[in-house]
Amino acid sequence: MRTYLDWNATTPLRPEVKAAIVEALEISGNPSSVHTEGRAAKMAMERARERVSVALGAEGADVVFTSGTTEAAAMVLAGRGIRCAEVEHSAIKVWCDATLPVDADGIVTVDDPARSSLQLANSETGVMQDLPQGLASSDLTQAFGKVPFAFNWLGVTAGFVSAHKLGGPKGIGALILRKGTDVPALLRGGGQEQGRRAGTENLIGILAFAAAAEAAQRDLESGLWDRVAARRDLLEARLCDIAPEAVIAGKGARRLPNTTCLLTSGWKGETQVMQMDLAGFAISAGSACSSGKVRASGTLQAMGFDDQHAQSAIRISISPALGDDQINRFADAWEKSYSRWRDRHGVTGMAGQGPATKEG
């Protein structure tokens with residue numbers, strides 16, 4: 001039996017989402033049409049927009065449906081000369097000057113919020129940031145549904161989210177804009193999404209997104225993710241007991257409740273991923289969008305880790321459905337692989353090695 005421990009990469013569809021998709025398949029109209037079928041589609045879409053807005057704490061803001069965070073970020077950041085840090089997802093860094101300073105815990109210093117973009121939570125380490133007021137934009141993708149926040153309280157101009165990170169389908173997300181914010185359209189040719197994104201709306205995806213957002217908010221309010229954090233702590237205690245020299249990136253900072261980034265210097269993260277896959281466990285060596293690329297994590301290097309540590313990283317991101325027995329089964333399987341690697345390389349237990357200094 002396989003165990004999925006890569007929740008930050010993507011999540012399985014929620015039952016409520018599957019039901020919403022089936023219901024949406026019965027809506028035949030185009031939301032831009034003025035006849036009865038079109039108006040019904042438009043009404044369903046606007047109800048979904050309001051549901052997503054409420055789940056995000058973005059009442060009164062503009063919610064623009066996109067294909068996901070990557071597109072939403074491009075709409076806001078392209079050609080604007082915005083600064084960010086190396087810890088950002090590549091969908092953000094591709095448009096920004098990644099020069100904002102990062103400390104050993106992964107915390108970013110922002111000196112000019114109006115010209116900066118800063119994620120709320122990191123996908124690799126789970127490290128969460130305190131967003132300064134007046135921030136130009138924030139990638140909210142990993143935080144949405146896992147930790148409580150309200151867009152209207154963050155003080156940011158624009159936010160980006162994707163549905164598949166919280167039990168929704170892939171290929172749908174949103175750009176959230178403070179009311180009255182002007183963003184030039186990347187896709188032109190129609191007046192959809194208040195003129196900000198041309199093309200017939202993905203109504204099935206939008207209704208499914210709304211169902212996922214509401215379900216995720218209910219989970220959050222129930223305290224479900226507090227219980228996840230307790231299991232994450234159990235996992236980390238087991239792994240560090242097995243390998244005293246291992247380092248948990250960002251452990252000194254506030255983190256997402258489900259995310260562990262474990263560094264075991266000298267033991268390649270890609271090797272661990274393959275060994276755990278064969279043992280029946282899905283984990284990753286970092287962000288899903290950079291997996292398979294043989295290079296050290298830019299996030300970990302920005303935090304000051306040397307190449308040996310950065311290349312050894314694995315990310316374990318657990319789901320709310322995971323039980324203590326599955327945590328322990330994974331730790332047992334990882335211990336077997338670790339013992340083989342340790343014996344083969346003559347590694348002995350030693351004190352954990354933290355990040356290298358910026359000078360060294």
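Any read-out appearing in this document is the output of simple, stated calculations on the displayed coordinates, not a laboratory observation. From a predicted model like this one, the values you see are computed outputs, not experimental measurements. Backbone-built Cβ (ideal geometry, glycine too); neighbour counts: all protein chains shown.
Cα convex hull, segment 224-345: 107 Å³ per residue, rounded to a whole number.
How big is the Kirkwood radius of the chain, worked out from every pair of different alpha carbons and given in Å to one decimal? Computed over the chain, the radius equals 21.2 Å. Shown for the chain are the DSSP H helices of 18 Å or more along their axis, judged by Cα atoms, with a mean Kyte-Doolittle hydropathy of at least -0.5: 203-221, 224-242. Inter-label distance, Glu46 to Arg227: 3.9 nm, where each label sits 7 Å from its Cα along the C-beta direction. Of the GluC sites (Glu not before Pro) found in segment 1-50, those in coil by DSSP whose Cβ has at most 16 other Cβ atoms within 10 Å are Glu26. Evaluated over the Cα positions of segment 158-275, the convex hull gives a direction-averaged projected area, one quarter of its surface, of 11.2 nm².
Annotation for Ala114 and Ala198: the two label points, set 7 Å from Cα along the Cα-Cβ direction, are 3.2 nm apart. Taking each DSSP H run with n ≥ 4 as -39500 (n - 2.57) and averaging over every residue of the chain yields -10500 deg cm²/dmol at 222 nm.
Legend: ranking of residues Met45, Met274 from fewest to most surrounding C-beta atoms inside 10 Å; resulting order Met274, Met45. Counting 0.36 nm for each residue step from Gln133 to Ala237 and taking away their Cα separation leaves a gain of 33.8 nm. If R0 is taken as 41 Å, the Cβ-Cβ distance between Arg2 and Ser28 corresponds to a FRET efficiency of 0.60. Sparsely packed loop sites in segment 162-217 (the trypsin sites (Lys or Arg not before Pro) outside DSSP H, G, I, E and B with at most 15 other Cβ atoms within 10 Å) comprise Lys170, Lys179, Arg188.
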